[in-house]
Amino acid sequence: MSVYLDITGGKVLSCSIRGDFLAVEPIETLERLLEGIAYEHKSFSKALNKTPLPPYLGSISKNELLAVMFDL
């Protein structure tokens with residue numbers, strides 16, 4: 001999985017998530033959820049708690065997604 005973020009002034013302007021996962025919902029919905037928030041682990045974690053991830057990322061967990069985004 002690859003995550004591309006355009007960050008200005010510490011906030012996410014745009015997000016693109018690409019990879020080999022079995023999504024049943026459009027990934028763009030999840031990408032839009034992450035736009036406009038501060039590029040901080042805590043902010044992303046809180047935002048990702050608001051929606052179930054399996055429809056967008058299949059078996060990829062929130063922690064795995066955060067690890068990619070924050071190089072953990």
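The values are calculated or read from the model by the stated rules, or taken from the named source; none is laboratory data. This structure is a prediction, so every number in the text was calculated from the model and none was measured. Cβ coordinates were reconstructed from backbone atoms using ideal geometry, including for glycine residues, and neighbour counts include every protein chain displayed.
How many of the residues in the range 6-23 are closer than 18 Å to Lys50 by Cα and over 10 Å from the mean Cα position of the chain (by Cα)? Please lay out each step first, then the result.
Keep residues of the range 6-23 that are closer than 18 Å to Lys50 by Cα, which gives 12, 15, 17, 23.
Next cut, over 10 Å from the mean Cα position of the chain (by Cα) only: 12, 23.
Residues meeting the conditions: 2.
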Output the helices (runs of 4 or more DSSP H) that fall wholly within the range 11-72 and possess 2 or more residues being free of Cβ contacts under 8 Å to residues at least 60 places away in the same chain and exposed (fewer than 14 other Cβ atoms within 10 Å of the Cβ), or say none.
27-34, 41-48, 62-70
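Could you grab me the full set of residues in the range 30-43 that are within 10 Å of the chain's Cα centre (by Cα) and not aliphatic (A, V, I, L, M)?
Glu31, Arg32, Glu35
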Can you name the residue in the range 1-10 that is surrounded by 12 or more Cβ atoms within 10 Å (Cβ to Cβ) and over 16 Å from Ser45 (Cβ atoms) and is also modelled with the lowest pLDDT among such residues?
Met1
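Table: residues versus (1) at pLDDT 95 or above; (2) of a type outside the set (A, V, I, L, M).
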| site | (1), (2) |
| --- | --- |
| Ser16 | yes, yes |
| Phe21 | no, yes |
| Ile37 | yes, no |
| Glu40 | yes, yes |
| Val68 | no, no |
